Amino acid sequence: MKNSLPVAIMTVIALIIILDFFVADAPSVQWIKQSGLVLRSWGIVIAAFAMGLGAVNLLRRHTVAISRREPEALYSVVLVGSMVIIIILGIAYGSDHPTYSFLFSNILSPASATMYASIAFYIVTAAYRSFHARSFESWVLLITAVIVMLGKAPIGSVISGFFPTAADWIQAIPNTAGMRAIMMGAALGVVSSAVKMFLGLDRTYLGLRD
Amino acid sequence: MLIEVGKQFSFASLFLLFVLFIYCIREARRGKVPQIRKLAALDAIEEAVGRATEVGRPVHFSPGIIELTHERSAQTLAGLSVLSYVAKLCARYDTDLVTTIMKPDVYVVAEEIVKQSFLEEGKPDRFSGEMVRFIGAEQFAYAAAAVGIMYREQVAANIMIGSWLAEALLLTEAGAQTGGIQVTGSATVAQLPFLVVASDYCLIGEEIYAASAYLSQNPVELAVVRGQDLAKVAVIALMCVGSVLLAFGSEAILQLITK
């Protein structure tokens, strides 16, 4: 009962959500549309509770780090301080308040943009490691990458008209075919995962294995 | 008409897929257990945890950055299946595990999975709340914190299976710099090239959904993988027939799939 009840609840809810996507806007199936809408709102409420649990975990871990005066406790002070300020501002004045917007636009956004920008350097180091031509596959990867890079950079067309044409062909034909094949396989994988869950074969999301 | 026009073929296909999977499961229960090919990435997980045990450093795991109510949540669930296996290995070998989580709903499930895995291995006292860390629902805040944890704690193995966006490369590069074995997996095609070049082993697309069956070797789960392959054959056949018919000027298949 302890194991089968959650699986049964999940299966019923999932079937309603699936049917909600497919059914037409007919009066006889309005209950499915309505149920789907209600279930999705429940999902939002549950996610909000989960956010509360996550925030408690975060606060607990960092307050312990501060109280123990761990080596990196300073970062914990910054995190707890920022969290408290944003929560108080958000609850008291809402997310439209100028101070809230200022903190968001001048601290969080630039910090996120900095992290995103650093990816450019990581791409170079990853490419440097992986483009060592040690096997046939590495050679194919290296040659393809060089052609595409030259095809997309202005210097490529200066060297030869071959590079832009070849780069476009690689992206439009073999690359698109490969990506579509992966997407098709992955879509079938999603359905197979759903079947496993509906039948109670995969219960890891309940913390159970066998 | 109960089913919306334009979605009728999809609905019928989904129904037929369900029937096919149930047929394959029944066959497996009758003793016809299919074999699936070796997946080097999943075999490497035990090696990665073993190496972390040898050097006395932790294993880092992440199930991606997608919540459980998203259209790509199946990837997160596939990652959580692997987390169960990794947590059991860590419990068995007394290795530290650090699971970093970006989405709060995933955090609750992941914590339960790790706790249960330690319990099943007979070591509930070894479980600690520090093993599953909720970091924050902001993409690059998560990436910065996870990268920091990987550097500070010098993780010896980095296992990332789930759906990723731009942060994937930040995490895998941090894993590469700490010198650990990296096993990644995703069905998000835009990030797969980064994962393939930056990690030692990568599960591509549907392989992440077969992970649970591969690791458990459960005949019924293996049967579902077989059903998946049969469905793939049917889709390829439909594409071939459609292409040939289209070449001869017939749009019969095109009209069928858009019904």
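Restricting the search to region B:11-30, which residues are free of Cβ contacts under 8 Å to residues at least 40 places away in the same chain and of a type outside the set (D, E, K, R)?
B:Phe11, B:Ala12, B:Ser13, B:Leu14, B:Phe15, B:Leu16, B:Phe18, B:Val19, B:Ile22
Answer with yes or no whether B:Tyr151 is touching a residue at least 12 places away in the same chain (Cβ under 8 Å), surrounded by fewer than 18 Cβ atoms within 10 Å (Cβ to Cβ) and closer than 27 Å to A:Ser112 by Cα.
Criteria met by B:Tyr151.
Considering only region A:5-14, how many residues are more than 15 Å from A:Lys196 (Cβ to Cβ) and either touching a residue at least 40 places away in the same chain (Cβ under 8 Å) or surrounded by 15 or more Cβ atoms within 10 Å (Cβ to Cβ) (or both)?
Result for region A:5-14: 1.
Counting only residues that are in a strand (DSSP E or B) and surrounded by 24 or more Cβ atoms within 10 Å (Cβ to Cβ), how many does region B:164-201 have?
5
Out of all the residues in region A:188-204, is one or more part of a helix (DSSP H, G or I), surrounded by fewer than 18 Cβ atoms within 10 Å (Cβ to Cβ) and of a type in the set (A, V, I, L, M)?
Looking through region A:188-204, none of the residues is part of a helix (DSSP H, G or I), surrounded by fewer than 18 Cβ atoms within 10 Å (Cβ to Cβ) and of a type in the set (A, V, I, L, M).
Filter region A:156-208 down to the residues that are at the interface with another protein chain (Cβ under 7 Å from one of its Cβ atoms) and in contact with a Lys or Arg (Cβ under 8 Å, 6 or more places away or on another chain) and list them by number.
A:Met184, A:Gly185, A:Leu188, A:Asp202, A:Gly207
If you check B:Glu251 against the conditions, is it surrounded by 14 or more Cβ atoms within 10 Å (Cβ to Cβ), farther than 17 Å from B:Leu83 by Cβ and either modelled with pLDDT under 95 or among the basic types (Lys, Arg) (or both)?
Criteria not met by B:Glu251.
Count, please, the residues in region B:214-234 that happen to be facing chain A (nearest Cβ under 9 Å) and touching a Ser or Thr at 6+ places or on another chain (Cβ under 9 Å).
Within region B:214-234, residues that are facing chain A (nearest Cβ under 9 Å) and touching a Ser or Thr at 6+ places or on another chain (Cβ under 9 Å) number 8.
Looking at A:Ile9, A:Ile44, which one is more than 12 Å from chain B (Cβ to nearest Cβ), modelled with pLDDT under 90, part of a helix (DSSP H, G or I) and more than 23 Å from B:Thr100 (Cβ to Cβ)?
A:Ile9
Given the residues B:Ala223, B:Ala210, which is the only one that is buried (at least 24 other Cβ atoms within 10 Å of the Cβ), out of contact with any strand residue (DSSP E or B) (no Cβ under 8 Å at 6 or more places or on another chain), farther than 30 Å from B:Met102 by Cα and aliphatic (A, V, I, L, M)?
B:Ala223
May I ask you to list the residues in region B:41-93 that are out of contact with any strand residue (DSSP E or B) (no Cβ under 9 Å at 6 or more places or on another chain) and not in a helix (DSSP H, G or I)?
B:Gly56, B:Glu67, B:Leu68, B:Thr69, B:Glu71 - these are the residues of region B:41-93 that are out of contact with any strand residue (DSSP E or B) (no Cβ under 9 Å at 6 or more places or on another chain) and not in a helix (DSSP H, G or I).
The values are calculated or read from the model by the stated rules, or taken from the named source; none is laboratory data. What you are looking at is a predicted structure, and each value in this text was computed from that prediction instead of being measured. With ideal geometry, Cβ positions are generated from the backbone for all residues, glycine too; neighbour counts draw on all protein chains shown.
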